[in-house]
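Right, one structure below, let's go through it.
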Amino acid sequence: MASLSAFSLAGGVVAQGLPPAIFALMNHPAASFFEAPPPNSGIPLNLPIDSLQGSANWQQLFEGRAVLLDLWASWCAPCLVETPGLNALSEQYGSDTFAVAVLKTADPNTSLMQMQQIFDRGNYNALTAFADGSADGWGFFRALKVNMRNSQKQAGLPMAALVGPDGREIARTYGTIKGRKWEHPQIADFIAQFSKAWS
């Protein structure tokens, strides 16, 4: 796995524009769960993101906040398994500088209302149901090159990205683990440290 420690540090923290606390996370015990994004992938800042309240783009929703972005689909069983942990992270660490965003993509047959009903049944009250608002519902999946990895390991959903306040993807993680990834104490602590790095 191309882990977080594989990031190029050329030019140092200032040139990279990242706070020193982000670089300190490379030595965190959970860093091996994350990897660098593939070349030429990135958050599509101007693609519409739909919610039950209307449509906006990334900058309108999240500018100035770091984000744990989870790409989600109703057909993805591990996505459903990981949703409670994402809700807990949002409850604990959501703030003016950090958000957890669960975005439905590659799932055009599930409506936003159906996604919200899944959240309601699970009492995921700290999450907003967001959907890829591109014409075919696959825009975020394509822009983030979900099916490409720096390693030869299998790629696909679930995939979550750590995104800086400027909309730049910093790292990503795929899949799930036994006992749910986001509820693993080391990974939850990693996200806690990531959320605090920007304040």
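Values in this text are rule-based calculations from the coordinates and carry no lab data. Everything numeric here is computed off the predicted structure, so don't read it as measured data. With ideal geometry, Cβ positions are generated from the backbone for all residues, glycine too; neighbour counts draw on all protein chains shown.
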Could you tally the net charge around S55, taking each other residue with its Cβ under 14 Å from the Cβ of S55, Lys/Arg +1 and Asp/Glu -1?
-> -1
Taking the simple approach of a point 7 Å from Cα along Cα-to-Cβ for both A135 and L112, what is their distance in nm?
-> 2.0 nm
Inter-centroid distance (Cα atoms) of the stretch 139-199 relative to the stretch 67-123, Å | 13 Å
Aspartates and glutamates near K196 by alpha-carbon distance under 12 Å, same-chain residues fewer than 8 away left out - which ones?
-> D96
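With only Lys, Arg, Asp and Glu charged, each at its Cβ (+1 for the first two, -1 for the last two), find how big the charge dipole of the chain is about the Cα centre; round to the nearest 20 debye. Could the numbers behind the result be given before it?
Working: 13 positive and 15 negative charges, 97 e Å.
Computed about the Cα centre, the dipole is about 460 debye.
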Cross-link partners of K145 among aspartates and glutamates (Cα-Cα below 20 Å; sequence separation of 8 or more within a chain) = E35, D70, D107, D132, D136, D166, E169
Mean-square fluctuation maximum in Gaussian network of the chain, Cα pairs under 10 Å, restricted to G94, G17, G175, hits G17
Modelled label-to-label distance, N57 and D189, 7 Å Cα→beta-carbon offset: nm?
-> 4.0 nm
Among Q114, F140, F23 the positive-end extreme of the charge dipole of the chain (Cβ point charges) = F23
GNM flexibility winner over the chain from A77, A88, A131 (Cα, springs under 10 Å) = A77
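Considering only DSSP beta bridges where both residues belong to the stretch 36-196, give the percentage that are antiparallel (nearest 5). Please list the in-between numbers first.
Details: 16 of 26 bridges.
Bridges in the stretch 36-196 are about 60 percent antiparallel.
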Going by a ≥ b ≥ c, the root eigenvalues of the Cα gyration tensor, does the stretch 42-115 fall in the rounded group (a/c under 1.5), the prolate group (a/b larger than b/c) or the oblate group?
-> oblate
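Evaluate the charge dipole of the stretch 91-199 about its Cα centre and quote only its size in Debye, nearest 20, assuming +1 on the Cβ of each Lys and Arg and -1 on the Cβ of each Asp and Glu.
480 debye
Stretch F23-N46 to full length: gain in nm at 0.36 nm per residue minus the Cα-Cα span? Please report the intermediate quantities before stating the final value.
Details: separation 23, 0.36 × 23 = 8.28 nm, distance 2.82 nm.
Length gained, F23 through N46: 5.5 nm.
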Stokes-Einstein at 4 °C, 1.567 mPa s, Kirkwood radius from Cα pairs: D for the stretch 36-196 in µm² s⁻¹?
-> 83 µm²/s
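Starting with the fewest neighbours, write out E82, E63, E169, E183 ranked by other beta-carbon atoms found within 10 Å of each beta-carbon.
Details: E82 23, E63 12, E169 19, E183 15.
Ascending Cβ contact count within 10 Å gives the list E63, E183, E169, E82.
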Among A99, P165, T176, the residue whose Cα sits farthest towards the positive end of the charge dipole of the chain, when +1 is placed on the Cβ of each Lys and Arg and -1 on the Cβ of each Asp and Glu, is T176
